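The values are calculated or read from the model by the stated rules, or taken from the named source; none is laboratory data. Quantities reported herein were computed from a predicted structural model and do not represent experimental measurements. We place every Cβ from the backbone using ideal geometry, glycine too, and count neighbours over all the protein chains shown.
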Ligand SMILES: NC(=O)c1ccc[n+]([C@@H]2O[C@H](COP(=O)([O-])OP(=O)(O)OC[C@H]3O[C@@H](n4cnc5c(N)ncnc54)[C@H](O)[C@@H]3O)[C@@H](O)[C@H]2O)c1
């Protein structure tokens, strides 16, 4: 987690709510876990990185359960159990993804299916699993994570960019079905966020110049900037926002 000061806004409507986050062990997900725990939410998160998950749980008092999200049956079972223990899930944050690069010329059918499974399929089945709990509760907020990468025609990861485009379509395609039960669903679209992984893998001097050129605002986009939007979308303050994409990218043009 970064050393930037914690977020300062408090959302009283979030206090005591059951929040479920995917991919919460590292990166933006770990900051989301901390941000929702800081709002006095009961946070459960899943991830396949056990050691990092335990560390994030230890730092935030959230509950960590190891799960590879490609196993959607296991994911649905964990969501059901979370509701039994903490009360119905009222906030679902579909954050997990895997932007491993791949060459479209050599990707196999199995490889394609795997990219869709790690980047899209689990989000749908998590929504299906939380739906009865949110309906029982009488409200809910689902935040799906998109990406600006496909807006920018970024290459080298078609399975990822296709999934991220589809997440926005899935959000709009479900908004009316879920709205009937007072459940909101939105996509949060991050720009290039300076997580430790992004910095280690991709952000050299050349990329820093690209970011400098691309963003209208010249500061670094940080996980906290994404968390600020996620908290708002999860809270009752955004009670009439649904079916939308909310872009937090420093004004990338
Ligand atoms: N960081 C960025 O610049 C950026 C830009 C655009 C969109 N996003 C989106 O924001 C979200 C978070 O991004 P991030 O940079 O923190 O990602 P990340 O890759 O750093 O972290 C993703 C987390 O998901 C977990 N995960 C991946 N596959 C999993 C699986 N099969 N089962 C369980 N857990 C799994 C990882 O272990 C990791 O903890 C993602 O949806 C990503 O697509 C990030």
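General observations
- Pairs where the first residue, in segment 46-60, is closer than 18 Å to residue 197 by Cα and the second is assigned to a loop (DSSP other than H, G, I, E, B) and more than 11 Å from the ligand (Cβ to nearest atom), C-beta under 8 Å, 6+ apart: 56/1; 56/62
- Any hit, segment 236-244, residues being within 14 Å of the ligand (Cβ to nearest atom) and modelled with pLDDT of 95 or more: no
- Single residue of segment 166-199 satisfying the filter (within 12 Å of the ligand (Cβ to nearest atom) and surrounded by fewer than 16 Cβ atoms within 10 Å (Cβ to Cβ)) that is farthest from the chain's Cα centre (by Cα): 199
- Some residue of segment 117-132 being within 12 Å of the ligand (Cβ to nearest atom), over 19 Å from residue 180 (Cβ atoms) and more than 14 Å from the chain's Cα centre (by Cα): yes
- Extreme residue, farthest from residue 249 (Cα to Cα), among residues of segment 140-175 that are free of Cβ contacts under 8 Å to residues at least 12 places away in the same chain and assigned to a helix (DSSP H, G or I): 173
- Only helices (runs of 4 or more DSSP H) whose full extent lies in segment 26-115 are considered here, and the ones with at least 3 residues that are buried (at least 16 other Cβ atoms within 10 Å of the Cβ), more than 14 Å from the ligand (Cβ to nearest atom) and at pLDDT 95 or above are 72-86.
- Check on residue 136, assigned to a loop (DSSP other than H, G, I, E, B), away from the ligand (no atom under 15 Å from the Cβ) and more than 19 Å from residue 26 (Cα to Cα): no
- Check on residue 202, crowded, with 19+ Cβ neighbours inside 10 Å, within 11 Å of the ligand (Cβ to nearest atom) and over 29 Å from residue 11 (Cβ atoms): no
- Residues of segment 6-24 that are part of a loop (DSSP other than H, G, I, E, B) and within 12 Å of the chain's Cα centre (by Cα): 23, 24.
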